[in-house]
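The values are calculated or read from the model by the stated rules, or taken from the named source; none is laboratory data. Because the structure is a prediction, the values reported are computed rather than measured. Note that each Cβ is placed from the backbone with ideal geometry, even for glycine, and that neighbours are counted across all protein chains shown. SASA here: full protein model, heavy atoms, side chains in, ligands and nucleic acids out. Shrake-Rupley method; radii C 1.70, N 1.55, O 1.52, S 1.80 Å.
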Amino acid sequence: MGQYYAINGSFLLEPALGVQRYAAEILKQMNKMAPAYKECLRLVLVLPETPRIEEIRREFSNIEVRCAGKSRRVKVWEQVCFARFLKKEKAKGICLCNTVPLFSKGGLVCVHDIVFKTHPEYFKEPGAWHEILYRKWMYTHAFHKADIIVTVSETSKKEILEQYRVHAGQIYVAGNGWQHMDRKDTDETIFQKYPKLTKGAYYYYLASLAPNKNLSWILKNAAGNPDKIYVLSGKPLGDDSGVEKLDNVICTGYVSDGEARALMQYCRAFLFPSTYEGFGIPPMEALCMGAPVVLGDIPVLHEIYGNAAYYVDCDNADISIEQLLKQGGREAPETVLSRYSWEKSARIMMEALTK
């Protein structure tokens, strides 16, 4: 049967945010490929006990699916129940979401970025030091004990090599894909919810409230361009972000994939002035919907998007996006989209596992 790997599948029971989306899409491709690798790999998907177990078994029919433990807290489950499963079964783990059992050895771990190591200043909330310490401990363990390390960009790989004693040949780069957006239907009812919103006459921002997403840049640019409409989607912003003072900003909160497709398809430009990323997937989703993308001028976004994007100073929001878009001369989105797919990234991992 080959090497026995157990996949930490707890992400399937969490909201499909960036890291969880990555893991779910990679797992779908692994499921498709599993029959071709059955002679050299045994893959088992392990989850906390859940009423969705039969649904998950049907979706991942080429991989054995098992439950282990009942904990509702993912961190507790993976450190106790999943770790116990690995030890009992004498299996190696596959962890796709930045975390790994601290007392396991070997296997594959995907670390999307090391922001807790490189930018602890982003985490200023009360008690954040607990998370910083936990993540740093986790990174150190993963990089010293894992057989295979996967990250999502060459920039992230370079950071890992600079910060940790890891052999370059131990790290594989398997980036994000965009094909999940291509499988979804466009839901234009979002425009009925917001009558003030006119197709083709707004800028769009889709991100979390993490400090590196640089929401303040968006708000400053919106304040300086009161005649332009800005649409912000993601976690509710609250009343202390400054959004409530701007009449030209529409906050939608969480949107479905179909609604995000519609907002990306009809926006004047997709704005992503991030100051730090491991990869940066929302601009790729916007590119596949035909939107011009305006990105923060940081190395990883240049690596991924090259000349297919426009770039802005992350510290200077005093610009005209319209003037920027008039510069033209951007490469076709296909120059980026053709380089990345979930299938390619899953294949990189499967080949690494066979070695």
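Brief remarks follow.
- Convex hull volume per residue for the range 239-307, taking Cα atoms only, in Å³: 118 Å³
- Taken along its principal axes, the alpha carbon cloud of the chain reaches lengths of 63, 39, 39 Å, longest axis first.
- Between the range 214-228 and the range 295-341, the alpha-carbon centres lie 18 Å apart.
- Three-way shape call for the range 180-331 based on the alpha-carbon gyration tensor, with the a/c threshold at 1.5: rounded
- The range 14-78 and the range 95-171: distance between their alpha carbon centers, rounded to Å: 22 Å
- Computed over protein heavy atoms with a 1.4 Å probe, the accessible surface of the chain works out to 47 Å² per residue.
- Summary of packing: across the peptides 298-307, 331-340, 6-15, 271-280, the per-residue average of other C-beta atoms within 10 Å ranks them, highest first, as 271-280, 6-15, 298-307, 331-340.
- The range 98-141 shape via C-alpha gyration tensor axes, a/c threshold 1.5: prolate
- The chain, relative contact order in percent, only Cα pairs under 8 angstrom and at least six apart counted: 16 percent
- Prolate/oblate/rounded call for the range 111-268, Cα gyration tensor, a/c under 1.5 rounded: prolate
- Here the range 1-103 was treated as a single set of alpha-carbon atoms; its pair distances binned every 10 Å from 0 give 15, 52, 31, 2 percent.
- Along principal axes, Cα extents of the range 278-347, largest first, whole Å: 43, 22, 16
- Relative contact order of the range 43-98: 31 percent, from C-alpha pairs under 8 Å at least 6 residues apart in sequence.
- Projected onto planes of every orientation and averaged, the convex hull of the alpha-carbon atoms in the range 187-227 covers 3.8 nm².
- A Stokes-Einstein calculation at 20 °C with viscosity 1.002 mPa s, built on the Kirkwood radius of the range 40-91 over Cα pairs, returns a diffusion coefficient of 184 µm²/s.
- Under the criterion of Cα pairs below 8 Å and six or more residues apart, the relative contact order for the range 134-180 equals 41 percent.
- Accessible surface of the chain, 1.4 Å probe, proportion on carbon and sulfur as whole %: 51 percent
- Per residue, the chain reaches -9500 deg cm²/dmol at 222 nm when only DSSP H runs of four or more residues are counted, each adding -39500 (n - 2.57).
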